[in-house]
1. Of the residues that make up segment 153-166, is at least one modelled with pLDDT of 90 or more, hydroxyl-bearing (Ser, Thr, Tyr) and part of a loop (DSSP other than H, G, I, E, B)?
2. Just to verify a result, which residue in segment 174-203, among those that are in a loop (DSSP other than H, G, I, E, B) and without any contact (Cβ under 8 Å) to a residue 40 or more places away in the chain, is nearest to residue 123 (Cα to Cα)?
3. Do you know which residues across segment 132-149 are modelled with pLDDT of 85 or more and surrounded by fewer than 18 Cβ atoms within 10 Å (Cβ to Cβ)?
4. When residue 210 is evaluated against the numbered criteria (1) within 15 Å of the chain's Cα centre (by Cα); (2) more than 30 Å from residue 286 (Cβ to Cβ), which criterion, by number, is the only one it fails?
5. Looking only at segment 217-255, count how many residues are touching a residue at least 12 places away in the same chain (Cβ under 8 Å), in a loop (DSSP other than H, G, I, E, B) and in contact with a helix residue (DSSP H, G or I) (Cβ under 9 Å, 6 or more places away or on another chain).
6. Restricting to segment 137-152, count the residues that are among the small types (Gly, Ala, Ser) and either free of Cβ contacts under 8 Å to residues at least 40 places away in the same chain or part of a strand (DSSP E or B) (or both).
7. Restricting attention to segment 276-311, and to residues there that are touching a residue at least 40 places away in the same chain (Cβ under 8 Å) and acidic (Asp, Glu), which single residue is farthest from residue 349 (Cα to Cα)?
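The values are calculated or read from the model by the stated rules, or taken from the named source; none is laboratory data. The structure presented is a predicted model; accordingly, all values stated were derived computationally and were not measured. Heads up, the Cβs are rebuilt from the backbone with ideal geometry, glycines too, and the neighbour counts pull from every protein chain shown.
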Amino acid sequence: MTVTSKMNSVSRQSVLSRLGPGGLLYAANKIIAVASGKDEDRWRGKDEGALFKRWRRTPSSEPATAVPAPATPQSQPSELLKFLAINALELSAPASDALLKSRSSEWFQLSGHPGSLAPAGPGTVWKRRAAGDHPTHNPERDAYEALAACPYMRSAIPRYYRDLEYGGEHFIELQDLLHGFRDPHVMDIKMGTRTFLEDEVRNARARPDLYEKMVRLDPKAPTESEHAARAVTKLRYMQFREQQSSSAEQGFRIEAVKLPGQPPLTDLQKVKEPKQLAATIARFLGDEKHARRAITARLREIRDLFERSEFFRTHEIVGSSIFIIYDEERVGAWLIDFAKTRRVPEDIVVNHRAPWKQGNHEEGFLFGLDRLINIIETAGLSEKDSEPEVTR
């Protein structure tokens with residue numbers, strides 16, 4: 001469904017005058033109720049499986065005390081109330097300054113292109129269509145719609161709500177995976193031995209600009225012939241980039257990490273060797289044995305669902321990530337990012353573990369997931385003392 005949610009100032013004022021304070025309160029309550037209902041479906045849907053596992057490090061011995069919210073006089077509806085009311089009429093819109101300020105300590109974009117995600121309201125985010133997508137073709141939307149309809153995979157991905165247009169741009173609305181967590185540990189892990197599409201490297205023309213990029217990263221990387229030509233192909237450069245991280249050898253790389261009370265670590269390209277990966281994951285897990293067990297069980301579940309899904313038997317999953325979150329009460333892990341998911345030719349069979357050769361469409365997703373599960377299971381607490389090479 002495509003929804004254009006833009007109202008001009010005249011129509012907004014007209015709606016406000018017709019609703020009045022009581023109507024504003026009713027509309028705001030409606031959208032809050034809908035959001036609450038979404039939360040119940042999102043977190044506790046019996047038909048879709050548990051999206052996270054609850055656990056408590058220290059059970060509370062005191063009963064929770066509800067603090068009543070200050071009443072808003074009906075004769076003077078607040079600006080936030082007006083915003084919620086209009087949102088209820090428009091279905092949804094990007095979060096207002098008021099909501100963003102109230103959620104600033106809870107919501108953040110850990111990785112990906114800056115500005116590609118925005119909180120849309122309590123419990124949902126809008127994700128902008130990937131640059132370069134054809135106006136009538138949105139691979140990520142198509143993947144989410146197919147996976148949401150798959151009985152195996154719908155519990156392994158963020159809840160998908162809709163495709164929409166707002167302000168001349170196209171978005172998909174998804175479950176906000178951070179919603180409900182309090183100052184959590186968060187890790188974004190890019191999966192696969194190959195994170196570029198085969199279409200991206202078909203051109204065999206050697207390019208001087210890619211040679212310059214390679215030299216800036218590693219002056220010794222080009223061969224003698226490449227130094228002489230001062231140019232490399234796109235395939236050569238992309239494979240070089242995969243080898244710079246743990247992607248090529250381990251089938252995954254850690255994109256970003258967020259620990260409670262600290263800014264995100266987003267430059268983790270040098271975390272490449274198995275010992276470095278284990279040290280980084282051990283620091284992420286800390287002393288939380290319950291979280292380690294729950295995360296491992298969840299990743300095994302995702303792997304099992306992946307292997308049973310017809311969708312993944314017929315698609316290459318390039319550039320997707322595993323998103324892991326936990327706090328003192330909850331643990332969650334989801335498969336995200338499908339902008340580079342493509343259907344493979346009918347005569348191709350992929351198992352997601354075989355080495356990639358141009359034309360076979362293997363991307364190593366399950367190869368990497370096998371190794372990720374093993375490292376999470378075996379990363380010793382003593383490995384936290386080995387600092388990974390990272391910058392903030």
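1. Checking segment 153-166: at least one residue is modelled with pLDDT of 90 or more, hydroxyl-bearing (Ser, Thr, Tyr) and part of a loop (DSSP other than H, G, I, E, B).
2. At the first step, the residues of segment 174-203 found to be in a loop (DSSP other than H, G, I, E, B) are 176-184, 192-197, 202-203.
Narrowing the set further to residues that are without any contact (Cβ under 8 Å) to a residue 40 or more places away in the chain leaves 202-203.
Details: 202: 41, 203: 43 Å.
That would be 202.
3. If we filter segment 132-149 for residues that are modelled with pLDDT of 85 or more, which is where we start, we get 138-149.
Result: 142, 145, 148, 149.
4. (1)
5. Of the residues in that region, 7 qualify.
6. Initial filter on segment 137-152 (among the small types (Gly, Ala, Ser)): 143, 146, 148-149.
Next, only the ones that are either free of Cβ contacts under 8 Å to residues at least 40 places away in the same chain or part of a strand (DSSP E or B) (or both) stay: 148-149.
Here the count works out to 2.
7. Initial filter on segment 276-311 (touching a residue at least 40 places away in the same chain (Cβ under 8 Å)): 276-288, 290-292, 294-303, 305-311.
Now drop any that are not acidic (Asp, Glu), which leaves 287-288, 301, 307, 310.
Details: 287: 42, 288: 40, 301: 23, 307: 13, 310: 12 Å.
Going through the qualifying residues, I end up with 287.
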